[in-house]
Amino acid sequence: MGAIFQSLGRTIVAGVVLLVIFIILAGLGTGSWVRAGDHAWWAFLMRWLHVLSGVMWIGLLWYFNFVQTPSMPKIPDEQKPAVSKVIAPTALFWFRWAAMATLVTGVIVAWMNGYIGAALSLQKGYHAIGLGVWLGVIMWFNVWFIIWPNQKKALGIVQVAPEAKAAAARMAGMTSRFNTMLSIPMLYCMVAQQNGGL
(Lines give C-alpha, C1' and ligand atoms only; values in the text may rest on other atoms or scores of the structure.)
Protein backbone atom coordinates (compact mmCIF):
# COMPACT_ATOMS: atom_id res chain seq x y z
CA MET A 1 0.00 0.00 0.00
CA GLY A 2 2.87 2.37 0.82
CA ALA A 3 4.22 2.02 -2.74
CA ILE A 4 0.99 3.54 -4.09
CA PHE A 5 1.32 6.66 -1.98
CA GLN A 6 5.03 7.16 -2.68
CA SER A 7 4.23 8.07 -6.29
CA LEU A 8 1.74 10.73 -7.37
CA GLY A 9 1.15 8.86 -10.64
CA ARG A 10 0.35 5.59 -8.83
CA THR A 11 -1.88 7.49 -6.40
CA ILE A 12 -3.88 8.99 -9.29
CA VAL A 13 -4.15 5.59 -11.02
CA ALA A 14 -5.31 4.06 -7.72
CA GLY A 15 -7.96 6.80 -7.44
CA VAL A 16 -9.25 5.99 -10.94
CA VAL A 17 -9.26 2.25 -10.17
CA LEU A 18 -11.17 2.94 -6.95
CA LEU A 19 -13.70 5.01 -8.91
CA VAL A 20 -14.21 2.16 -11.40
CA ILE A 21 -14.71 -0.27 -8.50
CA PHE A 22 -17.33 2.06 -6.98
CA ILE A 23 -19.13 2.33 -10.33
CA ILE A 24 -19.16 -1.48 -10.70
CA LEU A 25 -20.36 -2.00 -7.12
CA ALA A 26 -23.10 0.59 -7.60
CA GLY A 27 -24.17 -1.18 -10.80
CA LEU A 28 -24.21 -4.55 -9.06
CA GLY A 29 -26.12 -3.14 -6.11
CA THR A 30 -28.73 -1.21 -8.08
CA GLY A 31 -28.87 -3.03 -11.41
CA SER A 32 -28.37 0.36 -13.07
CA TRP A 33 -25.23 0.54 -15.16
CA VAL A 34 -23.31 3.40 -16.73
CA ARG A 35 -24.60 3.89 -20.23
CA ALA A 36 -21.44 5.00 -22.00
CA GLY A 37 -23.36 5.37 -25.27
CA ASP A 38 -25.75 7.97 -23.83
CA HIS A 39 -25.23 11.67 -24.42
CA ALA A 40 -26.28 12.33 -20.80
CA TRP A 41 -23.47 10.16 -19.46
CA TRP A 42 -20.85 11.94 -21.58
CA ALA A 43 -22.25 15.32 -20.52
CA PHE A 44 -21.99 14.16 -16.90
CA LEU A 45 -18.41 12.92 -17.42
CA MET A 46 -17.42 16.26 -18.95
CA ARG A 47 -19.04 18.12 -16.02
CA TRP A 48 -17.08 15.91 -13.59
CA LEU A 49 -13.84 16.72 -15.45
CA HIS A 50 -14.81 20.41 -15.35
CA VAL A 51 -15.30 20.26 -11.57
CA LEU A 52 -12.07 18.27 -11.11
CA SER A 53 -10.10 20.84 -13.14
CA GLY A 54 -11.80 23.71 -11.31
CA VAL A 55 -10.93 22.25 -7.92
CA MET A 56 -7.27 22.14 -8.91
CA TRP A 57 -7.36 25.66 -10.38
CA ILE A 58 -9.14 27.40 -7.54
CA GLY A 59 -7.34 25.25 -4.97
CA LEU A 60 -3.99 26.48 -6.28
CA LEU A 61 -5.29 30.07 -6.52
CA TRP A 62 -6.28 29.91 -2.88
CA TYR A 63 -2.99 28.18 -1.95
CA PHE A 64 -1.06 31.10 -3.47
CA ASN A 65 -3.22 33.69 -1.71
CA PHE A 66 -3.88 32.01 1.64
CA VAL A 67 -0.57 30.16 2.14
CA GLN A 68 2.39 30.98 -0.10
CA THR A 69 2.16 34.77 -0.42
CA PRO A 70 1.49 35.45 3.29
CA SER A 71 4.25 32.99 4.28
CA MET A 72 7.03 34.43 2.10
CA PRO A 73 7.93 37.33 4.45
CA LYS A 74 8.37 34.79 7.28
CA ILE A 75 10.85 32.66 5.31
CA PRO A 76 14.57 33.49 5.80
CA ASP A 77 16.11 34.98 2.64
CA GLU A 78 18.50 32.05 2.12
CA GLN A 79 15.52 29.64 2.02
CA LYS A 80 13.32 31.67 -0.37
CA PRO A 81 14.90 30.18 -3.54
CA ALA A 82 13.37 26.82 -2.56
CA VAL A 83 9.97 28.42 -3.07
CA SER A 84 10.73 30.78 -5.96
CA LYS A 85 12.89 28.36 -7.98
CA VAL A 86 11.22 25.00 -7.25
CA ILE A 87 7.75 25.18 -5.69
CA ALA A 88 6.30 28.28 -7.36
CA PRO A 89 7.18 27.34 -10.99
CA THR A 90 5.69 23.87 -10.54
CA ALA A 91 2.58 25.21 -8.82
CA LEU A 92 2.18 27.82 -11.57
CA PHE A 93 2.45 25.12 -14.25
CA TRP A 94 -0.44 23.18 -12.74
CA PHE A 95 -2.30 26.42 -11.98
CA ARG A 96 -2.35 27.71 -15.55
CA TRP A 97 -3.09 24.33 -17.14
CA ALA A 98 -5.87 23.67 -14.62
CA ALA A 99 -7.31 27.05 -15.64
CA MET A 100 -7.13 25.99 -19.29
CA ALA A 101 -8.71 22.59 -18.60
CA THR A 102 -11.48 24.25 -16.57
CA LEU A 103 -12.28 26.68 -19.38
CA VAL A 104 -12.18 24.03 -22.12
CA THR A 105 -14.28 21.48 -20.23
CA GLY A 106 -16.72 24.22 -19.19
CA VAL A 107 -17.24 25.26 -22.82
CA ILE A 108 -17.75 21.61 -23.78
CA VAL A 109 -20.29 21.11 -20.94
CA ALA A 110 -22.24 24.22 -22.00
CA TRP A 111 -22.17 23.13 -25.65
CA MET A 112 -23.18 19.51 -24.88
CA ASN A 113 -26.09 20.72 -22.77
CA GLY A 114 -27.18 23.29 -25.35
CA TYR A 115 -26.90 26.46 -23.30
CA ILE A 116 -23.60 27.99 -24.37
CA GLY A 117 -25.22 30.81 -26.38
CA ALA A 118 -27.84 31.51 -23.72
CA ALA A 119 -25.21 31.62 -20.98
CA LEU A 120 -22.77 33.83 -22.88
CA SER A 121 -25.55 36.27 -23.81
CA LEU A 122 -26.96 36.20 -20.24
CA GLN A 123 -30.43 35.21 -21.43
CA LYS A 124 -33.29 34.84 -18.99
CA GLY A 125 -33.00 31.58 -17.10
CA TYR A 126 -29.24 31.47 -17.66
CA HIS A 127 -28.14 34.54 -15.70
CA ALA A 128 -26.36 32.63 -12.93
CA ILE A 129 -24.39 30.28 -15.15
CA GLY A 130 -23.72 33.10 -17.61
CA LEU A 131 -22.27 35.33 -14.92
CA GLY A 132 -20.20 32.39 -13.68
CA VAL A 133 -18.93 31.71 -17.19
CA TRP A 134 -17.94 35.33 -17.81
CA LEU A 135 -16.22 35.58 -14.42
CA GLY A 136 -14.37 32.33 -15.20
CA VAL A 137 -13.30 33.64 -18.61
CA ILE A 138 -11.96 36.85 -17.04
CA MET A 139 -10.07 34.81 -14.46
CA TRP A 140 -8.67 32.48 -17.14
CA PHE A 141 -7.54 35.51 -19.17
CA ASN A 142 -5.84 36.97 -16.11
CA VAL A 143 -3.98 33.70 -15.47
CA TRP A 144 -2.64 33.32 -18.99
CA PHE A 145 -2.10 36.93 -20.04
CA ILE A 146 -1.31 38.83 -16.83
CA ILE A 147 -0.30 36.53 -13.96
CA TRP A 148 1.88 34.05 -15.86
CA PRO A 149 3.83 36.59 -17.98
CA ASN A 150 4.50 38.67 -14.86
CA GLN A 151 5.38 35.65 -12.72
CA LYS A 152 7.98 34.61 -15.29
CA LYS A 153 9.67 37.97 -14.72
CA ALA A 154 9.20 37.90 -10.94
CA LEU A 155 10.65 34.38 -10.63
CA GLY A 156 13.59 35.09 -12.94
CA ILE A 157 12.44 32.71 -15.68
CA VAL A 158 12.56 35.76 -17.96
CA GLN A 159 15.43 38.10 -17.13
CA VAL A 160 14.49 41.74 -16.53
CA ALA A 161 15.88 44.67 -14.57
CA PRO A 162 15.31 44.58 -10.78
CA GLU A 163 12.70 47.36 -10.89
CA ALA A 164 10.79 45.54 -13.67
CA LYS A 165 11.00 42.34 -11.63
CA ALA A 166 9.48 44.07 -8.58
CA ALA A 167 6.75 45.68 -10.72
CA ALA A 168 5.95 42.31 -12.31
CA ALA A 169 5.69 40.66 -8.89
CA ARG A 170 3.26 43.39 -7.73
CA MET A 171 1.14 43.06 -10.88
CA ALA A 172 1.01 39.25 -10.63
CA GLY A 173 0.15 39.46 -6.94
CA MET A 174 -2.62 42.03 -7.35
CA THR A 175 -4.11 40.17 -10.31
CA SER A 176 -4.04 36.96 -8.28
CA ARG A 177 -5.88 38.76 -5.47
CA PHE A 178 -8.38 40.09 -8.03
CA ASN A 179 -8.97 36.51 -9.22
CA THR A 180 -9.41 35.37 -5.61
CA MET A 181 -12.09 38.03 -5.19
CA LEU A 182 -13.80 36.96 -8.45
CA SER A 183 -13.64 33.28 -7.47
CA ILE A 184 -16.20 33.82 -4.70
CA PRO A 185 -19.09 35.09 -6.89
CA MET A 186 -17.96 32.82 -9.76
CA LEU A 187 -18.28 29.68 -7.65
CA TYR A 188 -21.58 30.89 -6.21
CA CYS A 189 -23.01 31.50 -9.70
CA MET A 190 -21.86 28.11 -10.97
CA VAL A 191 -23.62 26.32 -8.12
CA ALA A 192 -26.63 28.69 -8.06
CA GLN A 193 -27.75 27.83 -11.61
CA GLN A 194 -28.77 24.29 -10.68
CA ASN A 195 -29.85 25.06 -7.16
CA GLY A 196 -31.93 28.23 -7.44
CA GLY A 197 -29.49 30.47 -5.60
CA LEU A 198 -29.79 33.43 -7.99
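The values are calculated or read from the model by the stated rules, or taken from the named source; none is laboratory data. The structure displayed is predicted, hence computed values, not measured ones. Please note: Cβ atoms are built from the backbone with ideal geometry, for glycine as well, and neighbour counts cover all protein chains shown. Heavy atoms of the whole protein, side chains included, go into the accessibility calculation; ligands, DNA and RNA do not. Shrake-Rupley method; radii C 1.70, N 1.55, O 1.52, S 1.80 Å.
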Accessible carbon and sulfur surface of the chain relative to its total accessible area, %, 1.4 Å: 73
The chain: angle of helix 39-63 to the longest principal axis, Cα-based, in degrees nearest 10: 20
Proximal lysines to residue 152, defined as alpha-carbon separation beneath 20 angstrom and excluding residues fewer than eight positions away on the same chain: 80, 85, 165
Spin-label pair residue 194/residue 166, simplified geometry with 7 Å Cα→Cβ offset, distance in nm: 4.8
For the chain, the longest site-free run once trypsin sites (Lys or Arg not before Pro) in DSSP loop states with at most 13 other Cβ atoms within 10 Å are removed: 36-123
Among 173, 102, 161 the positive-end extreme of the charge dipole of the chain (Cβ point charges): 161
Two-decimal log10 I(q)/I(0) for the chain, as the Debye equation yields it once each C-alpha is a single scatterer, q = 0.08, 0.09, 0.18 Å⁻¹: -0.37, -0.46, -1.24
Point-charge dipole on Cβ atoms (K/R +1, D/E -1) for the chain, about Cα centre, debye to 20: 240
Proximal charge balance of residue 84 [Cβ under 13 Å; K/R count +1, D/E count -1]: +3
For the chain, accessible area per residue (1.4 Å probe, heavy atoms of protein chains only), Å²: 62
Calculated FRET value between residue 22 and residue 71, using beta carbons and R₀ = 35 Å, to 0.05: 0.45
In sequence order, calculated HN-Hα J values of the range 94-110 (Karplus, 6.51, -1.76, 1.60; Hz; x Gly/Pro): 5, 4, 6, 6, 5, 4, 4, 4, 5, 5, 5, 5, x, 5, 5, 4, 5
